[in-house]
Amino acid sequence: MAQQGRHPNELLRRARGTRSQATLADLANAEIERRTGRPGALTDKAISELERGRYTWPARPTRDALCAVLGVSDPAELGFVSRRSAHAASLPPWAPPLIDDGRPADLPAIRAVSASLQAADRQLGGGHLYPSVVAYLRTEIAPQLAEPGGTDLFAAAASFSEIAGWMSHDGGLDERAERHFGQARRLARASEDRGVTGNVQASMSHLASHLARHDTAVQLADDGIRIADGARTHRLLLARLHAMRARGFAGRGDASQCRAALTAAERALDRGQNLAADGWVSHFDAASLASEITWCLHRLDDYPAAQRYAQAAIDLRPGDRVRSRTFAQLALARVLIAGREVDRAAMLGDTVRATAYALTSARVRTQLVDLASDLVPHRGNAAVARFLASMGNVPAGPTLIEESAT
């Protein structure tokens, strides 16, 4: 999302004078080390970003060092103005309060925001939430990445970039999702966290399958398995990666390889059932695997088994996982059509149509319209006819994610 009202920081530019951006970064790094005992990590690019107005409130060590180097006492003299109060209005109401005392958001607060955003996303879809995710990433996390310290913030930034990617995908903007996932992978590698990197690999593999790039999907999953393998706490992630690998094989029509990958996913899930969630790694459970197995078996034309797993995915999902249940219902409806149980498929379509009012999900609406198209040849069935007649009431819904956002 392009930041609205961004203006070049002329005060900082004038204060720098004839010194190059690289020279100013070096001087500020030396001042940071003098004050904190740790070397600074500012670069000429970071100074350029500040002068362009991309960031208006760097973390306190950077502000203090630049003020000292440039001979001012007030950060406002260098054009540094906190945007937290402005962005607080764009953040969801469940986000922890952003206290404008110069302290960067700490990891527990960032995790709390992440958990709340994802919980709301599962119920509502990503359309309303995407701007808040990008704003939080840019104003609360990104400015701290240039500061000395550990790699945990890079993992947090990778996670938020990945969430933005999924929200873009849910909004039907897959090119943007690819960009977010690519950024997430770069940040994950910088974090040196194998779980976070493998998690992003799984997301990229899922998107590749969706875009019918099945060989790429398999390769991305294979790479993720190599990255995450060997760590006991990554077993649930390994289950997800094996499931993504199975999707790629199913898309290629390779039944034996697909079934072998699904067996590996089931074994990894069994071994990881009693393990706690690992840091920033996405949750993956029996319902998640059932949904993936449904997709694969449907592609392999094994409709009876696909129907069993689709029903299991619905039964295992609690009521607060609205979008996941909806996708499982749509998957079951497609399998039922393949099995010529069109009246049941139409009734499921009616259920999903009612849910679509609450979800800002382009994927839900697209799959619902596709379901209606698949049922058109069966419009002589009374249940199908009622469902098709009701489809004129499917809402366009609120704007998902504006195309102008980046």
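The values are calculated or read from the model by the stated rules, or taken from the named source; none is laboratory data. These numbers were taken from a predicted model, which means no experiment stands behind them. Here the Cβ positions follow ideal geometry from the backbone for every residue, glycine too, while neighbour counts run over all protein chains shown.
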Tally the residues that are surrounded by 15 or more Cβ atoms within 10 Å (Cβ to Cβ) and at pLDDT below 90, restricting the search to the stretch 34-50. 8
Pairs please, first residue from the stretch 257-275 and at pLDDT 95 or above, second anywhere and acidic (Asp, Glu), Cβ atoms under 8 Å, 6+ apart in sequence or on different chains. Leu262/Glu292; Ala265/Glu292
What is the one condition in (1) under 30 Å from Phe154 (Cα atoms); (2) surrounded by 22 or more Cβ atoms within 10 Å (Cβ to Cβ) that Leu297 does not satisfy? (1)
Among the candidates Glu192, Glu162, Glu266, single out the residue that is more than 17 Å from the chain's Cα centre (by Cα) and closer than 27 Å to Ala109 by Cα. Glu192
By my count, helices (runs of 4 or more DSSP H) wholly in the stretch 320-391 with at least 2 residues that are in contact (Cβ under 8 Å) with a residue 24 or more places away in the chain, more than 20 Å from Gln307 (Cβ to Cβ) and more than 23 Å from the chain's Cα centre (by Cα) are 382-390
Expected single match for surrounded by fewer than 24 Cβ atoms within 10 Å (Cβ to Cβ), among the polar types (S, T, N, Q), outside the structural domain of Phe327 (by TED's automatic domain parsing) and in contact with a Phe, Trp or Tyr (Cβ under 9 Å, 6 or more places away or on another chain) among Ser114, Ser161, Ser132 is Ser114
Take the stretch 164-189 and flag every residue that is buried (at least 24 other Cβ atoms within 10 Å of the Cβ) and without any contact (Cβ under 8 Å) to a residue 24 or more places away in the chain. His180
